[in-house]
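**Q** After the structure tokens below, expect a handful of questions from me.
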Amino acid sequence: MRGQTINVLAAVLLGPGYAVAIAFCISLLRNILGTGSFLAFPGSMIGALLAGILYKKTKYNLLAVAGEIFGTGILGGILAFPIANFIMGKKVGALFFATPFLISTLGGSLITFFIVKVLDLKKLININKEA
């Protein structure tokens with residue numbers, strides 16, 4: 001849940017490139033510290049990329065959240081299948097990871113939507129204006 005919050009915030013505040021870089025670094029740190037697996041990479045990075053692209057194109061916070069949910073939950077869940085099978089040696093079905101990834105990303109992404117909404121309403125950050 002923490003990763004999705006950071007992904008959406010980075011996507012909205014910094015853009016897709018930085019969001020993907022941050023997602024990669026967080027996944028790498030989780031693996032180095034032993035709190036994550038290789039499966040952390042596809043979901044977090046695709047979700048961050050999709051959230052950043054959708055926000056950059058539309059400037060809608062809700063679409064950034066939707067991009068994170070779809071990217072991490074659906075696309076990341078599907079891309080976790082070959083990693084689990086071929087790299088980790090786990091035999092699972094192609095959509096096995098989609099449900100847990102989707103459940104995980106829903107909470108963090110929705111929390112971030114409210115955080116961004118509050119920050120925007122309070123004018124603490126100016127995220128809906130072009131520079």
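The values are calculated or read from the model by the stated rules, or taken from the named source; none is laboratory data. Source: prediction; values computed, not measured. When we count neighbours, we look across all protein chains shown, and the Cβ atoms used for this are built from the backbone with ideal geometry, even at glycine. These area figures cover heavy atoms from the full protein model, side chains too; ligands, DNA and RNA do not enter into them. Shrake-Rupley method; radii C 1.70, N 1.55, O 1.52, S 1.80 Å.
**Q** From the list Val12, Val20, Val8, which residue is in a helix (DSSP H, G or I), more than 16 Å from Gly108 (Cβ to Cβ), open to solvent by less than 50 Å² (accessible area, probe 1.4 Å) and in contact (Cβ under 8 Å) with a residue 12 or more places away in the chain? Steps first, answer last, please.
**A** On the way: Val12 fails: more than 16 Å from Gly108 (Cβ to Cβ); Val8 fails: more than 16 Å from Gly108 (Cβ to Cβ).
Val20 is the lone residue from the list that is in a helix (DSSP H, G or I), more than 16 Å from Gly108 (Cβ to Cβ), open to solvent by less than 50 Å² (accessible area, probe 1.4 Å) and in contact (Cβ under 8 Å) with a residue 12 or more places away in the chain.
**Q** Return the total of residues in segment 27-55 being open to solvent by 30 Å² or more (accessible area, probe 1.4 Å), within 18 Å of Ile83 (Cα to Cα) and assigned to a helix (DSSP H, G or I).
**A** 7
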